[in-house]
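Working notes for the structure below.
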């Protein structure tokens, strides 16, 4: 079930809200949300609902066992079993075919045995709820949290439908108090509706519009590409994936607020970053901090020799790429980011931090944009040929497709609006307003209260317009899932 479907917006969500806010006693609210979350998952992945319940049961049992034992060897053994169980499930469903194909190619080149390649369907959200479960086990082992003895609360933590499919990846320590008690007032409920509507608009009005030229151009054979087409595809995809994924995160955060939960922020205007390091402090924050806290720092982080630090960075971003998908393109995408982070660290060591240079934001756009080519391409050969054509190092098509085939007023306007909205212009303007509102109101023939009500009315009308336009597009368009659903 998609957040961007009429059945979710006009049937599932209202019914769940009604049941949640009317059920008595309040202690049953978690149970209502758990049943709703399992139904939400079963709607699209009925065959994997048993897998979800098995994951919950395994992590519930092992966490209690870790908490119960006091000797370190026993706790380490239990943690190892828990990690192996979670990663084993993830590996089988996400990576078994990829590594089987790699081994088959290796042995076929030496005319040895043929490796059977399993045909496995990838369950929705498995990378996300697996990482949540892993963080829970590790935090229990580290004694940062106590194992939750309430199976309903732990099940809701892992299966909570707003962030189940594509994050944010929530730490148990962040949400544990909210599983027990949470409050919602009118202001918080309204902010949830507002955030959901903004996320819906990001997805339907910006991401889906830019997906048309992006998908069409990346769907061409490389022999049909031209430099201008490749540049347009990169520009469109860079904004498409940002508004698609941040839109989902906004919707998840908004839905959480409707039920009293405060989910963590996942994006902070990443395209305003002046370096790759800053980019990863702003992009998919819940994933980057997960790798930082559960892999990079335990490996030694930057506390050891420079060579060890560079190795740690390389390993983290190799696995980050692999987390996104079982394809060499994702691995190369991750290694590109890791390589540029290492270069930036080398520059810092000689007092040449990249942020100090004028135009450093353009550097970030270029590196991130070129790396997206590997992320989006079906294979490495396609990505390399795509970049060769973009830089004009090989001949390209002269008479098949031109930019006019994919460019129109709607795409142009959406690109401009997307580029503006991807930068922190609105929060800066809002901050400026709060700093200057006294002087502003004194120069206008209206009071501060009237000015505030006027701005609030404008915002309400804007949110309502975004919601109306988005739902109209939902009714008119065909199925367009979120990009991160396949991860």
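Since every read-out is calculated from the coordinates, none of them should be taken as a lab result. Note that the structure is a prediction, hence the values are computed from the model and not measured. Note: ideal-geometry Cβ built from the backbone for every residue, glycine included; neighbour counts use all protein chains shown.
Residue ranges 355-362, 13-20 sort as 13-20, 355-362 when ordered by packing (mean number of other C-beta atoms within 10 Å per residue, highest first). Only alpha carbons enter this Debye calculation for the stretch 205-293, each as an equal point scatterer, and the log10 of I(q)/I(0) it gives at q = 0.16, 0.19 Å⁻¹ is -0.77, -0.94. Mean separation of Cα pairs under 8 Å and 6 or more residues apart, divided by the residue count, gives the stretch 28-181 a relative contact order of 33 percent. Between residue 43 and residue 83, residue separation times 0.36 nm minus the direct Cα-Cα distance comes to 11.6 nm.
Among 3, 98, the ranking by other beta carbons within 10 Å of each residue's beta carbon, starting with the fewest, stands as 98, 3. The calculated 222 nm mean residue ellipticity attributable to helices in the chain amounts to -21500 deg cm²/dmol, summing -39500 (n - 2.57) over DSSP H runs of n ≥ 4 and dividing by all residues. Reducing the stretch 239-295 and the stretch 33-64 to their Cα centroids gives an inter-centroid distance of 24 Å. The alpha carbons of the chain stretch over 83, 67, 51 Å along the principal axes, in descending order.
Applying 1/(1 + (r/R0)^6) with R0 = 60 Å to the Cβ-Cβ distance of residue 413 and residue 107 gives a FRET efficiency near 0.65.
This ranking places 291, 386 by how few other beta-carbon atoms lie within 10 Å of each, fewest first, which gives 291, 386. Based on Cα contacts under 8 Å between residues 6+ apart, the chain shows a relative contact order of 18 percent. Most tightly packed first, judged by the mean number of other beta-carbon atoms within 10 Å of their residues, the peptides 118-124, 61-67, 88-94 read 61-67, 88-94, 118-124. Legend: translational diffusion of the stretch 28-181 by Stokes-Einstein, Rh = Kirkwood radius over C-alpha pairs, 25 °C, 0.890 mPa s; D = 146 µm²/s. At the listed q of 0.17, 0.26 Å⁻¹, the Debye profile of the stretch 1-73, built from one uniform point per Cα, gives log10 I(q)/I(0) equal to -0.79, -1.12. For the stretch 335-412, what relative contact order do you get, as a whole percent, if you take Cα pairs closer than 8 Å and at least 6 residues apart? Reported relative contact order: 16 percent. Could you tell me the center-to-center distance, by alpha carbons, between the stretch 85-131 and the stretch 357-423 in angstrom? Each part's Cα centre sits 31 Å from the other's.
Fewest neighbouring Cβ atoms within 10 Å first, the residues 307, 236 line up as 307, 236.
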